[in-house]
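Written below as structure tokens is the structure these notes are about.
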Amino acid sequence: REKLFVSRFPQYEVLVQKIESGKIPISTEGRIIPATNYDSRLAFIVLRTVDTNGVLIVDFGYGEAGPPPYHEDYLYVSSGIIEPNSYLDNRWPPKAKIRDKWFEVAN
């Protein structure tokens, strides 16, 4: 998985930059990014939102979703921090910071 992430990282970054620049609109409500905006090999779903502190969160669902409710995702968190006891912290208990502002998570 690490090699796959590294090889696709530039494409993840391009999508995040489109969101941060406003080319792909964001809101405080979670929104699915239409698959026409990215290569479907990057993720089976991409969600973006801005939390109440103005932190951009982009959630890339990758691989295959296991039996409900199991998922593995890459998260871009613009602050670089998942605050303790926050929604993200509670939603994704197992998490690993894999790059600055990037996390690999599972539930």
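The values are calculated or read from the model by the stated rules, or taken from the named source; none is laboratory data. Predicted model, so just to flag it, every value in this text is computed and none were measured. Positions of Cβ are backbone-derived with ideal geometry, glycine not excepted, and every protein chain shown enters the neighbour counts. Surface areas here come from the heavy atoms of the whole protein model, side chains and all, with no ligands, DNA or RNA. Shrake-Rupley method; radii C 1.70, N 1.55, O 1.52, S 1.80 Å.
Output the relative contact order of segment 6-56, whole-number percent, from Cα pairs under 8 angstrom with separation of 6+ residues. Present the calculation step by step, with values, prior to reporting the outcome.
Numbers: 41 pairs, mean separation 17.4, N = 51.
Relative contact order here is 34 percent.
On the accessible surface of segment 1-53, probed at 1.4 Å, how many percent belong to carbon and sulfur atoms? Don't skip to the end; give the middle numbers.
Details: 1940 of 3630 Å².
C and S fraction of accessible area: 53 percent.
Tell me, rounded to the nearest percent, the portion of alpha carbon pairs in the chain spaced more than 22 Å apart. Walk me through the intermediate numbers first.
Values: 1405 of 5671 pairs.
For the chain, the fraction of Cα-Cα distances above 22 Å is 25 percent.
Going highest first, how would you order 2-9, 81-88, 98-105 by mean Cβ packing within 10 Å?
Details: 2-9: 11.9, 81-88: 13.5, 98-105: 16.8.
The peptides rank, most packed first, as 98-105, 81-88, 2-9.
Return the distance in nm (one decimal) between the two label points of a simple spin-label model at Ser21 and Phe9, each offset 7 Å from Cα along Cα→Cβ.
The modelled label-to-label distance comes out at 2.1 nm.
Choose one answer from Asp89, Asp59, Asp73: the residue with the largest mean-square fluctuation in a GNM of the chain with alpha-carbon springs under 10 Å.
Largest GNM mean-square fluctuation: Asp89.
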